[in-house]
Each structure stands twice: as structure tokens, then as C-alpha cells.
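> Just passing along the structure, written as C-alpha cells.
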Amino acid sequence: MHKISILVVTLMITLFSTQNSYGWGKEGHHMVAEVAWHYMNQHTQEMVTKYLNGITVDSAATWMDDVRSDPKYKYMSSWHFINIPKGQEYVPNPAETNCINEMNKACNNLKNGKLSDDEKRINIMVLIHLWGDLSQPLHTGYAEDRGGNMVTITFNGKETNLHSLWDGGIIYDRKIKLDNCLALYAHLSEKEKEECKKFNNVAALKQSRSFLPQIYDFEDASIDEVYAVKNQAVIEKQILTGGLRLAAMLDDVFKKQ
């Protein structure tokens with residue numbers, strides 16, 4: 001009985017730590033990829049389809065999370081986020097391995113490098129996934145609490161942590177779907193649409209971090225349905241703009257190929 005208890009606890013810890021390290025859950029990542037697919041041009045769709053070689057954009061969007069347990073890809077573990085101390089601004093450092101730098105490398109690899117088809121596939125999957133991660137505000141969160149992973153909360157009576165709630169908790173609770181996100185496009189200003197076309201990942205980082213005060217606006221580590229309703233629009237907009245920027249970047253990558 002004692003051995004069984006230890007095994008159960010070990011499994012729970014493993015599942016808990018794995019879940020908390022992800023970006024959007026599968027649904028969020030899928031929606032970012034599907035928004036991008038909706039807005040990228042036909043040539044880009046054909047090139048992405050060619051190099052994914054039978055892998056759907058949904059599967060490509062979660063590939064980096066799917067291979068986390070494989071030691072072969074351990075080097076990618078720090079690519080999913082860029083945590084910055086509270087009150088500080090982003091300072092470029094090409095030597096760091098973080099979401100911003102790895103997106104830039106993948107983009108440059110696809111535009112300038114003589115890659116094999118397999119290498120192109122991996123770089124495309126990296127871009128699809130990291131644009132999803134960057135649009136989840138707590139993947140650009142505070143270094144002190146590891147992007148909300150160390151902030152224990154209760155949501156509708158169940159204990160979780162802030163990062164996990166934003167990964168998928170609110171998406172599932174509010175039943176956020178692709179159509180909700182796509183419908184927001186009509187409400188973006190022309191300036192916002194133009195900004196997304198520039199696919200500037202530093203601008204996207206700043207946009208994500210601008211929501212952090214709102215994300216931490218709760219008391220007594222207790223979050224209720226009012227909080228979820230209030231932040232539903234943030235999540236929908238982040239998924240939409242993340243997908244728009246991804247589409248624009250891939251259009252640019254493949255425009256001369």
C-alpha cells in the first residue's frame with residue numbers, strides 16, 4: 001500500500017509539473033494555428049502543407065509540447081517562454097535561449113538557410129508553436145513566480161495555479177472556440193491589423209505583458225466566474241492576433257520560394 005501511495009504521488013507531481021510548463025493547452029495552440037491558416041495566402045498554405053508532409057497544422061502546433069518528454073529535444077525546454085522581472089522591460093540578448101530569439105532563428109533558417117525538407121518541417125512547427133506561446137501572456141510573465149506557475153489559486157473551488165488557468169482553464173470554462181476568435185477581427189482597428197501584418201515578435205511580447213496587471217487582479221488566491229468572463233476577451237484577442245502575426249510571418253518566409 002505504501003509503495004502504491006508513493007507511485008500515485010509521483011505520478012501526480014509529474015503530471016502537475018508537466019501541465020504547468022505548457023503554453024496554451026492544445027485547444028489554444030490549435031486555434032492560433034487555425035487562425036493563421038485562415039489568413040495566410042494560398043501559396044503559403046501550399047508550402048506549409050508540402051513541408052509538414054502529412055502533419056496537420058493542429059498537430060504541428062502542439063509538436064513542441066508533445067516531444068517534451070523525449071531527451072532528444074530537451075534543448076528546446078527554454079524556448080517556450082521569456083520571463084522578465086516585474087517592473088523591467090525586455091532587453092535583447094542574442095545569447096539567451098528564449099521564445100523571441102528562437103522564433104527569429106527559425107524564421108531566418110527558413111528564409112536564408114539551405115535546409116532539408118525535414119529541417120524545414122521542424123522550423124515551421126517551431127514557429128507555429130512559439131507564436132502560440134508568445135500570445136499566452138504568462139509565457140511573457142514575471143521571472144519571480146515563473147510566469148504564474150508558483151501562484152497557487154482556487155478557481156470555482158478547485159486548486160490549480162495561475163499559469164495553468166490561463167493555459168486552458170478559462171478556455172474550457174468559457175467554451176472559447178475558433179469562431180469566437182475569428183469574429184473579433186471585424187472589431188480590430190486598422191492600426192491593430194497593420195501591426196499584426198508586421199509580425200513583430202517584440203511588439204507581440206509587449207502586448208502580452210500589457211495584460212499582466214489585469215491577470216493578477218484578484219484577491220485571496222480565489223478566482224471566480226467573474227474573473228473568467230472578464231478575461232475571456234483577452235484570450236480571444238491574443239489567440240486572434242497571435243494567429244494573424246504567424247500568418248504574416250509565414251507569408252513573408254515563403255513569398256520567394
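Bear in mind that the values in this text are calculations on the coordinates, not laboratory data. Worth saying up front: this structure is predicted, and the values here are computed from it rather than measured. Note: ideal-geometry Cβ built from the backbone for every residue, glycine included; neighbour counts use all protein chains shown.
> For D252, put the label point 7 Å out on the Cα→Cβ axis and report which residues of the range 28-54 keep their amide N under 16 Å from it.
40-41, 44
> Still on this structure, I have one more. Relative to the longest principal axis of the C-alpha atoms of the chain, give the angle of the C-alpha long axis of helix 26-39, reported between 0 and 90° and rounded to the nearest 10°.
20
> Turning to a different aspect of this structure: Take T44, T160 and order them by how many other Cβ atoms sit within 10 Å, fewest up front.
Working: T44 22, T160 19.
Going from least to most buried by this count: T160, T44.
> Work out from phi, with θ = phi - 60° and the Karplus expression 6.51 cos²θ - 1.76 cosθ + 1.60, the ³J(HN,Hα) of each residue of the range 96-102, listed in order in whole Hz, and give x for Gly and Pro.
Result, rounded to whole Hz: 7, 9, 8, 4, 5, 5, 6.
> Residue by residue, what Karplus-based ³J(HN,Hα) values in Hz, rounded to whole numbers, does the range 83-91 have, using 6.51, -1.76 and 1.60 with θ = phi - 60° and x for Gly and Pro?
8, 10, x, 4, x, 9, 9, 5, 10
> So what J values fall out for the range 194-208 if you push phi through Karplus, 6.51 cos²θ - 1.76 cosθ + 1.60 with θ = phi - 60°, rounded to Hz, Gly and Pro as x?
5, 4, 5, 5, 7, 6, 7, 6, 6, 5, 5, 4, 5, 5, 4
> In terms of modelled amide H atoms, which long-range or inter-chain residues lie less than 5 Å from the amide H of I153?
Amide H neighbours of I153: T160, N161, L162.
> Longest exposed-loop-site-free stretch of the chain, with GluC sites (Glu not before Pro), DSSP loop and at most 14 other Cβ within 10 Å? Show your work: numbers first, answer last.
On the way: sites that count: E89, E96.
The longest such stretch corresponds to 97-257.
> Would you mind checking the tilt of helix 225-254 against the longest principal axis of the Cα atoms of the chain, expressed as 0 to 90 degrees and rounded to 10?
Its long axis makes an angle of about 20 degrees.
> Taking only DSSP H segments of four or more residues, each worth -39500 (n - 2.57), what value at 222 nm results for the chain once the sum is divided by all its residues, to the nearest 500 deg cm²/dmol? Mind showing how you got there, number by number?
Values: 12 runs with 149 residues, N = 257.
About -18000 deg cm²/dmol.
> Calculate how steeply helix 57-66 sits against the longest principal axis of the alpha-carbon atoms of the chain, using the helix alpha-carbon long axis, and give the answer as 0 to 90 degrees to the nearest 10.
50
> Taking the Cβ of each residue in M76, M150 as the centre, tally the other Cβ atoms inside 10 Å and list the residues starting with the fewest. List each step's numbers first, then the result.
Values: M76 18, M150 13.
Going from least to most buried by this count: M150, M76.
> To continue, here is another question. If each residue's Cβ is checked for other Cβ atoms within 10 Å, how do D173, D117, D251 rank with the fewest at the top? List each step's numbers first, then the result.
Numbers: D173 15, D117 9, D251 19.
Least to most surrounded, the residues fall as D117, D173, D251.
> Within the chain, what's the longest run with no trypsin sites (Lys or Arg not before Pro) in a DSSP loop and at most 10 other beta-carbon atoms within 10 Å? Give the range, please.
Numbers: sites that count: K114, K175, K256.
That gives 1-113 as the longest site-free run.
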